[in-house]
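Structure, as structure tokens:
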Amino acid sequence: MPESFYIKDGDAWISTRATRGPWSPDHQHAGPPIALLARAMEQIAGEGFRFVRINVEIPRPVPIARLQVTATLDRSGKSVRYLSAELRDEAGTLLIQATGVAMREAEVPMPDYELHDPVEMPLPDQCDKFEYPFKTFSSEGYDTAMQKQHAKGEFLSGKCAVWFRMKVALVAGETPSALQRVMVAADSGSGISMLMTPEEYTFPNPDLTVYLRRYPQGEWICLDGLTVPHESGIGITTTHLRDEEGLFGEGLQSLLINKRA
């Protein structure tokens, strides 16, 4: 297994086989490239600003290839900053685009309140190992680069919770940030809460939106996903994002559902 999802090479990024997704031997799982775009925006957001929302659009599959990343600070205010980032192949084809909102952090006195999150989630060391029951195209890829522990729910029931932890770095020689740990995992919400088997249906998500009220603590990210499909061939996945201290954010994905011939 490679030690990272990506290796820096000049102004480009070399994708390692750890990025390989379960649907094609030639394409990446969306998690690693989304995290790479989050990293690029994070680097220019500025001191004292924290991301509260990242919205991602995925117009086409990402090849396991040499890639280009650009990031821009679009609007810079005293309290809120708006950023964007793009992932392209060497021919200049747009693969993923992302936008982010970062807000200033400050000490603000708050009244006593109780977070309305009654779910008691077992911690990773209290859970069994989670494995997808279907075969992937390689013995190495995103699936093996992420450690997964089954917390709650039943796979293929539409509601399931799984703990994720990165076993490799996002970028060679770097320790992943809290934001990167969230974004490398968040796109898997629809994967763990799927209702239909990939042998019978395809259900790619062309987008992902993540809201964060705080950054997670520690290496483990829990995705507590709920998928609701419709006969129109469109579905929605809602994912509660948790760490070992509790709820810290939400994820939302739309699904394009088709039955295989």
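Does any residue of region 84-93 turn out to be surrounded by fewer than 17 Cβ atoms within 10 Å (Cβ to Cβ), closer than 21 Å to residue 253 by Cα and in contact with a strand residue (DSSP E or B) (Cβ under 7 Å, 6 or more places away or on another chain)? Looking for residues that are surrounded by fewer than 17 Cβ atoms within 10 Å (Cβ to Cβ), closer than 21 Å to residue 253 by Cα and in contact with a strand residue (DSSP E or B) (Cβ under 7 Å, 6 or more places away or on another chain), one finds at least one in region 84-93, hence yes.
Just the residues that are more than 14 Å from residue 32 (Cβ to Cβ), at pLDDT 95 or above, among the acidic types (Asp, Glu) and open to solvent by 20 Å² or more (accessible area, probe 1.4 Å), please, taken from region 169-226. Answer for region 169-226, where residues must be more than 14 Å from residue 32 (Cβ to Cβ), at pLDDT 95 or above, among the acidic types (Asp, Glu) and open to solvent by 20 Å² or more (accessible area, probe 1.4 Å): 207, 219. Please work out which residue is nearest to residue 59 (Cα to Cα), limiting yourself to region 22-39 and to residues that are touching a residue at least 60 places away in the same chain (Cβ under 8 Å) and open to solvent by 10 Å² or more (accessible area, probe 1.4 Å). Only one residue fits best here, namely 30. For residue 143, indicate whether it is touching a residue at least 40 places away in the same chain (Cβ under 8 Å), part of a helix (DSSP H, G or I) and not polar (S, T, N, Q). Yes.
From 134, 51, which residue is part of a loop (DSSP other than H, G, I, E, B) and open to solvent by less than 50 Å² (accessible area, probe 1.4 Å)? Matching residue, one of 134, 51: 134.
Within region 39-48, count every residue that is under 25 Å from residue 107 (Cα atoms), of a type in the set (A, V, I, L, M) and in a helix (DSSP H, G or I). Residues that pass the stated criteria total 2. Taking only pairs six or more apart or across chains, which ones have beta-carbon atoms under 9 Å, a first residue in region 147-173 that is acidic (Asp, Glu), and a second residue that is in a strand (DSSP E or B)? Qualifying pairs under 9 Å: 154/160.
Of all residues in region 54-63, those satisfying the criterion of being assigned to a loop (DSSP other than H, G, I, E, B) and among the aliphatic types (A, V, I, L, M) are 58, 62.
The values are calculated or read from the model by the stated rules, or taken from the named source; none is laboratory data. If you're wondering where the values come from, they're calculated on a predicted model, not measured in any experiment. Using ideal geometry, Cβ is built from the backbone for each residue, glycine included, and neighbour counts are taken over all protein chains shown. Surface areas here come from the heavy atoms of the whole protein model, side chains and all, with no ligands, DNA or RNA. Shrake-Rupley method; radii C 1.70, N 1.55, O 1.52, S 1.80 Å.
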